[in-house]
Amino acid sequence: MIDRTEVEFWREKMQNFVEKEMWPYEPLLPRFENTLPVKVTNNIIGKMKEQGLWSLTVPKKLGGQGLSTPLYCAVREALGRTVLWGITGLHLGGSGDPLMILYHCNDEQKERYLFPLMRGDLLVSFAQTEPGAGADQAGMKTRAVRKGSGWVLNGHKTLITQGTVSDFVIVFASTDPEKGRKGVTCFLVDKGTPGFIIGDTIETMGGDRLGDLHFKDCYVPDSQLLGMPGDGFRMAQNWFIGNRITLQPPICLGIVDRTIEELLRVFPNEVDDRWLGQIQAEYQRARLLMYDAAYKFDQLEDPQYEASLSKVATVGLAMKVLRRALEISGSHGYAVDSMFQRYYRDVRRLPITEGSMETQKMVTSRALIRGFSPVDSLSPNYLGEVGEYV
Ligand SMILES: Cc1cc2nc3c(=O)[nH]c(=O)nc-3n(C[C@H](O)[C@H](O)[C@H](O)COP(=O)(O)OP(=O)(O)OC[C@H]3O[C@@H](n4cnc5c(N)ncnc54)[C@H](O)[C@@H]3O)c2cc1C
């Protein structure tokens, strides 16, 4: 059972932090970028650490707080109540919650990558997408060929968050093209490795600066292999399933919460009662769906269906509420200083990333007809592995 008191405790704890330590910096967020001055980000991170809002999901045996998935969702719901929720530095392990895929690190890799990431000393990026392989990864062309006691990587990754600034990159490459998805392998590649070339930056409407990364005869020793050869695709998929519960859904709920609050504060007479009633029903339904998925995840039940639905429900709701907020607020909302336009531009990336919304709808509708392929057919160890983490 989920303990409501605990959920409220963590939500309130983060909400207090957001209001006191983050809202004052909102005006500093540049209009067309998604980053704050390093000093300010470090100040926020320092206070998060001080107040016990750091390494929340990391298992206790690895030095974290071992917070359950529902409680982590509660924290992230509150984080969504600031337009600073996605600033660089709080992305991708910047809150001391390393990408779960890195729990596959061996002991030596934990020392080099996982623990420094938890301390906030390193930045990481996750490089899967390619110019011809986005929603459908079957088109992946990056190859890694065995050479001596290592691998030679060749390929081009694109749209990589923090790609141009991170200290190391989690890279997916095919080591056995004939096996398709089962031939995909995951590597840890350090910035500065010969043959790893940082290319163009792609600027986006939400202000994220995404990187193009090139691998040209880039040699990495076996020590840079994450997991086993052929494990890459399932490791990524399993990580994405968890993300569909804990990353986007709670942030979207927080955004809806703050947007409604702001609408009622600034335009109390313009908000239609029946519209608000309908939104409340959709908000509560989406919230229950998310906590149901989070609970199942911790119970080691297969959460794929609820996770996909949770993404569809919450992201769709946030976009709907923000569109309405922009209509109601007229030129106020259209101004670049408005919270509504800022949230809207940020949220617009969510239907594209972490498993696109269209493909999640497709997957859930197919599941109604044929059922999901159970998660343990994707990964024999998935349930056991998650069990160790929570
Ligand atoms: C802000 C941002 C950050 C990102 N960060 C990263 C990152 O850190 N690492 C990384 O590897 N990638 C990253 N990406 C890339 C992202 O994962 C891809 O954009 C995503 O997988 C979609 O691929 P695509 O853009 O090539 O679109 P496409 O695959 O070309 O799809 C275009 C549209 O068609 C829809 N579609 C595709 N196939 C189907 C289908 N079979 N049926 C119905 N509809 C379909 C999709 O839903 C989408 O709406 C990021 C992208 C953005 C915008």
Those residues that are basic (Lys, Arg) and assigned to a helix (DSSP H, G or I), I need them from segment 112-165; list them, please. ARG112, ARG119
Might you check whether a residue that is in a strand (DSSP E or B), of a type in the set (D, E, K, R) and over 30 Å from VAL152 (Cβ atoms) occurs anywhere in segment 196-207? yes
With respect to THR158, determine if the residue is among the polar types (S, T, N, Q), under 24 Å from the mean Cα position of the chain (by Cα) and within 30 Å of ASN42 (Cβ to Cβ). yes
Going through (1) closer than 24 Å to MET100 by Cα; (2) modelled with pLDDT of 95 or more; (3) more than 15 Å from the ligand (Cβ to nearest atom) one by one, LYS182 fails only at (2)
Between a first residue in segment 25-52 that is of a type in the set (Val, Ile, Thr) and a second residue that is surrounded by 15 or more Cβ atoms within 10 Å (Cβ to Cβ) and at pLDDT below 90, which pairs have beta carbons less than 6 Å apart while being 6 or more apart in sequence or on different chains? THR35/ILE87; THR35/THR88; THR41/GLY89; ILE45/GLY120
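This table checks each residue for (1) more than 16 Å from the ligand (Cβ to nearest atom); (2) surrounded by fewer than 21 Cβ atoms within 10 Å (Cβ to Cβ).
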| position | (1), (2) |
| --- | --- |
| ARG209 | no, yes |
| ASP217 | yes, yes |
| MET228 | yes, yes |
| GLY232 | no, no |
| ILE241 | no, no |
Can we say GLU108 is buried (at least 22 other Cβ atoms within 10 Å of the Cβ) and either polar (S, T, N, Q) or not in a strand (DSSP E or B) (or both)? no
Among the listed residues VAL124, VAL171, VAL184, VAL165, which satisfies the condition of being touching a Cys at 6+ places or on another chain (Cβ under 8 Å) and on the phi < 0 side of the Ramachandran plot? VAL171
When (1) within 13 Å of the ligand (Cβ to nearest atom); (2) more than 30 Å from PRO30 (Cβ to Cβ) are applied to VAL347, the one that fails is (2)
List pairs: first in segment 233-260 and farther than 13 Å from GLY355 by Cβ, second of a type in the set (S, T, N, Q) and not in a helix (DSSP H, G or I), Cβ under 8 Å, 6+ apart or cross-chain? ARG234/SER379; MET235/SER379; THR246/THR57; ARG258/THR82
Under 24 Å from GLY199 (Cα atoms) and either more than 9 Å from the ligand (Cβ to nearest atom) or touching a strand residue (DSSP E or B) at 6+ places or on another chain (Cβ under 7 Å) (or both), is that true of LEU114? no
Single match in GLU327, GLU358 (criterion: without any contact (Cβ under 8 Å) to a residue 40 or more places away in the chain, out of contact with any strand residue (DSSP E or B) (no Cβ under 6 Å at 6 or more places or on another chain) and part of a helix (DSSP H, G or I)): GLU327
Counting only residues that are at pLDDT 95 or above, give me the helices (runs of 4 or more DSSP H) lying completely in segment 229-300 with at least 3 of them. 248-266, 273-298
If TRP85 meets every condition in (1) under 21 Å from ILE251 (Cα atoms); (2) touching a residue at least 60 places away in the same chain (Cβ under 8 Å); (3) more than 14 Å from the ligand (Cβ to nearest atom) apart from one, which number is that one? (3)
Hey, does segment 136-150 have a residue that's touching a Ser or Thr at 6+ places or on another chain (Cβ under 9 Å) and near the ligand (Cβ under 10 Å from one of its atoms)? yes
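The values are calculated or read from the model by the stated rules, or taken from the named source; none is laboratory data. The structure presented is a predicted model; accordingly, all values stated were derived computationally and were not measured. We place every Cβ from the backbone using ideal geometry, glycine too, and count neighbours over all the protein chains shown.
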